[in-house]
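The values are calculated or read from the model by the stated rules, or taken from the named source; none is laboratory data. Note that this is a predicted model, so its numbers are computed, not measured. Backbone-built Cβ (ideal geometry, glycine too); neighbour counts: all protein chains shown. The protein model used for the area step is the full one, side chains on, heavy atoms only, and it has no ligands, DNA or RNA in it. Shrake-Rupley method; radii C 1.70, N 1.55, O 1.52, S 1.80 Å.
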Amino acid sequence: MSKRTVSVWTLVSLIIGSTIGSGIFALPQNIGSVASPGAMLTGWAIAGVGMLSIAFVFQILAVRKPHLDSGVYSYVRAGLGDFIGFTSGMGYWLGSVMAQVGYATLFFNTLGYYFPAFSNRWVLALSVSAMSWLIFYGLTRGLRQAAVMNAVTTVAKLLPILAFIVLVAFLGFSWDRFTMDFWGSHIPFTDQLKGIMLYTVWVFIGIEGASVYSKQARVRSDVGKATIIGFLSVLGLLVAVSTLSYGVLSQEELAALPDNSMGAVLEQVVGPWGGALISIGLCLSVLGAYVSWQMLCAEPIVLMALDGLLPRSMGSHNSNGSPVRAQLLSTLAIQFFVVVFFLSSASYNAMVQLATIMYLLPYIFSSIYLVLLTIRGKGLTHPHAGTRFDDSGPEVPRRDNRRHLIVGLIGSVYSLWLIYAADPVYVLLGALAVVPGLVPYIWTRRKHGDTLFNAFEKVVVAVVLVAAVIAVVGLVNGSLVLE
């Protein structure tokens, strides 16, 4: 994809295509397993404000720091230094890799309903692997073709979702059923909210997709516009699907549904053809999201290589303009996690929660950077003062600066609370997943004669290593399990 060729509506398509993946089709069961209708609506209100603040964080940073055009990780690097930027980029990359396994698993589980051979776990693992390598081959032919495929599947997959909303709203929704045990008296309300939070983040992953491709945007301001348009579109669909589902089945019935729970809900309303319609939409959705995220997988690796945090060869492109080495590394990582997840018999929900933890890293650090900009006018460290990673940018009026501070604080508090609400198992495993990336990072720093870590970074490294050791011990003695 050449520079400065992507329009605002292509960016919106990338956001919707990346965000509306497998999550929305599993949403009725995911939320029904942890929350009552009242907690669900409260959770969406919190997630709406929180994720909108995250979307605004990236929009504001895109305007305040137009020279930082390496996507979400570049903001973190500029504000918090090389290592935190690298960790953020690695987290985003690992989250994308793990999401790929989750997407493909749900895709073949859905096919397994109609073709029982895919219900076998080993057939499923081989199928996920084969699809990953097939997509890799397609991506080596060039990003433009993949972007066109994403745009087509984005339109195609929205039709079954819109059909679900219309059919359930007019034919199957019962107000009495929706209000029955509205607040879920059998589970503490705070526990319900904590349980729902990571699922609401998961279905919003991709909202920052326009920032990842900010370097290719035709007009810089289009990045912010696309982010907000994409967010509001996705939020409307997610709230509609989850709310309407509680009007068809009780919370206990929703919790017992299979992964393709949207299809099961519509089947209750209109019969088997409804489930088949949603299954087709799910398969189209996952294919589109799979292509989008395998493109996005390569971007952090390429950008960090070009910026000197990884070996520069990882950023090379082939004759078709495809970052083939970064895509190869991403596909190998996908293959590795296929083996890990399937050997451990991890569920789709386990993959979702672990991937979400990894995505939270750039969300947290980008929000903190915006807070630092509004208070100090600069980030914590400036290892590249005078380069495009410094804190230069247009002057911001005082009134706008106060508004930006509020947005940054909301984004920071919301992101940190999500870590608190998460199962500690996934936080520890997330730390373990980041550790292997230290090897190429340290090698590259030594090769360039750069200081490995400053005092602040040493503290962060120590925390990560301690958490990783705890994770390893837990995996060995069986106290940490992917369920």
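Within segment 229-259, the set of residues being touching a Phe, Trp or Tyr at 6+ places or on another chain (Cβ under 9 Å), more than 13 Å from Ile161 (Cβ to Cβ) and not aliphatic (A, V, I, L, M) comprises Phe231, Thr243, Tyr246, Gly247, Pro258, Asp259.
Scan segment 396-416 for residues that are under 17 Å from the mean Cα position of the chain (by Cα) and open to solvent by 50 Å² or more (accessible area, probe 1.4 Å) and jot them down. Once the filter is applied, which keeps residues that are under 17 Å from the mean Cα position of the chain (by Cα) and open to solvent by 50 Å² or more (accessible area, probe 1.4 Å), segment 396-416 yields only Leu416.
Taking each residue of segment 152-172 that is over 16 Å from Gln268 (Cα atoms) and looking for partners that are at pLDDT 90 or above with beta-carbon atoms closer than 9 Å, six or more apart or interchain, yields Leu158/Leu237; Leu162/Leu237. Quickly run through segment 44-75 and pick out the residues that are over 17 Å from the mean Cα position of the chain (by Cα), farther than 16 Å from Asp400 by Cα and modelled with pLDDT under 80. Pro66, His67, Leu68, Asp69, Ser70 - these are the residues of segment 44-75 that are over 17 Å from the mean Cα position of the chain (by Cα), farther than 16 Å from Asp400 by Cα and modelled with pLDDT under 80. Based on what the data block shows, is Ser245 among the small types (Gly, Ala, Ser), touching a Ser or Thr at 6+ places or on another chain (Cβ under 8 Å), closer than 30 Å to Tyr113 by Cα and surrounded by 24 or more Cβ atoms within 10 Å (Cβ to Cβ)? In short, yes.
What about Gly377, is it open to solvent by 50 Å² or more (accessible area, probe 1.4 Å), on the phi > 0 side of the Ramachandran plot and modelled with pLDDT under 90?
In short, no.
Per the conditions (1) modelled with pLDDT of 90 or more; (2) at positive phi; (3) not charged (D, E, K, R), the sole criterion not satisfied by Gly81 is (1).
Kindly establish whether Ser367 is among the polar types (S, T, N, Q) and either closer than 30 Å to Asp400 by Cβ or in contact with a helix residue (DSSP H, G or I) (Cβ under 7 Å, 6 or more places away or on another chain) (or both). Break it down stepwise before answering.
Details: among the polar types (S, T, N, Q): yes; either closer than 30 Å to Asp400 by Cβ or in contact with a helix residue (DSSP H, G or I) (Cβ under 7 Å, 6 or more places away or on another chain) (or both): yes.
Against the criterion (among the polar types (S, T, N, Q) and either closer than 30 Å to Asp400 by Cβ or in contact with a helix residue (DSSP H, G or I) (Cβ under 7 Å, 6 or more places away or on another chain) (or both)), Ser367 qualifies.
A quick yes/no check of all residues on (1) open to solvent by 30 Å² or more (accessible area, probe 1.4 Å); (2) under 26 Å from Ala62 (Cα atoms); (3) in a helix (DSSP H, G or I); (4) modelled with pLDDT under 85:
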residue	(1), (2), (3), (4)
Ala276	yes, no, yes, no
Leu296	no, yes, yes, yes
Met304	no, yes, yes, no
Met314	yes, yes, yes, no
Asn318	yes, no, no, yes
Arg325	yes, no, yes, no
Ala355	no, yes, yes, yes
Ser366	no, yes, yes, no
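Taken over segment 329-340, the residue count meeting the criterion of being touching a residue at least 60 places away in the same chain (Cβ under 8 Å) and under 17 Å from Gln294 (Cβ atoms) is 7.
Against the test of being free of Cβ contacts under 8 Å to residues at least 60 places away in the same chain and crowded, with 18+ Cβ neighbours inside 10 Å, the options Ala431, Ala422 yield a single qualifying residue, Ala431.
Residue count for segment 16-51 under the criterion of being among the hydrophobic types (A, V, I, L, M, F, W, C), crowded, with 22+ Cβ neighbours inside 10 Å and assigned to a helix (DSSP H, G or I): the result is 10.
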